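What follows is one structure encoded as structure tokens, with my remarks underneath.
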């Protein structure tokens, strides 16, 4: 009598090997994608820093004064020539520019703020007459956390620097 080999399809072992290989490939691809997304978020934050610094310098060039008073800023304890508007206190630096709707900030629809625990664009906050408007960003590593830019003014060099915290 002849035996027929009717083996059609895959064995369970073969299927497990294929699934394991696919899982490894997926985990490698996901890790790379997450790193890429974080890098893009960080680049966007750096671009915003550049826009904010340029807006402050343009204001200075046009009005021959800064859009803030030194009395509104916090003096550094170690270096008395440094003044800061840290965290949500950066509103005092940008308030004059936002009040006058000066185009130096450009399109404010991309700038973010946190008002009453709710994240919104600066443009939305202006339309709702919210005050004060501090400018910030979602943490690139955890977008659930919202952070604000820090503004540092050096009175010796008469320069402004915007940084993340």
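The values are calculated or read from the model by the stated rules, or taken from the named source; none is laboratory data. On a predicted model such as this, the values are computed, not experimentally measured, just so you know. Cβ: placed from backbone, ideal geometry, glycine included. Neighbour counts: every protein chain shown.
Cβ-Cβ contacts under 8 Å between residues 6 or more apart (or on different chains), taken from a first residue in region 59-77 that is closer than 18 Å to residue 134 by Cα to a second residue that is assigned to a loop (DSSP other than H, G, I, E, B), are listed as 59/66; 59/67; 59/102; 70/155; 74/86.
With respect to residue 10, is the statement that it is without any contact (Cβ under 8 Å) to a residue 40 or more places away in the chain, farther than 14 Å from residue 149 by Cα and either in contact with a strand residue (DSSP E or B) (Cβ under 8 Å, 6 or more places away or on another chain) or in a loop (DSSP other than H, G, I, E, B) (or both) true? For residue 10, the condition - without any contact (Cβ under 8 Å) to a residue 40 or more places away in the chain, farther than 14 Å from residue 149 by Cα and either in contact with a strand residue (DSSP E or B) (Cβ under 8 Å, 6 or more places away or on another chain) or in a loop (DSSP other than H, G, I, E, B) (or both) - is met. Just one of the listed residues (107, 88, 72) is modelled with pLDDT of 90 or more and touching a helix residue (DSSP H, G or I) at 6+ places or on another chain (Cβ under 9 Å), namely 72. Just wondering, is there one or more residues in region 8-22 that are over 28 Å from the mean Cα position of the chain (by Cα), within 30 Å of residue 140 (Cα to Cα) and exposed (fewer than 11 other Cβ atoms within 10 Å of the Cβ)? Yes, the conditions are met somewhere in region 8-22.
Among the criteria (1) touching a helix residue (DSSP H, G or I) at 6+ places or on another chain (Cβ under 8 Å); (2) without any contact (Cβ under 8 Å) to a residue 12 or more places away in the chain, the one residue 139 does not fulfil is (1). Please enumerate the residues belonging to region 137-160 that are closer than 26 Å to residue 64 by Cα and surrounded by 16 or more Cβ atoms within 10 Å (Cβ to Cβ). Those that are closer than 26 Å to residue 64 by Cα and surrounded by 16 or more Cβ atoms within 10 Å (Cβ to Cβ): 149, 150, 151, 152, 153, 160.
One residue alone among 110, 117, 87 is farther than 16 Å from residue 54 by Cα and surrounded by 12 or more Cβ atoms within 10 Å (Cβ to Cβ), and that residue is 87.
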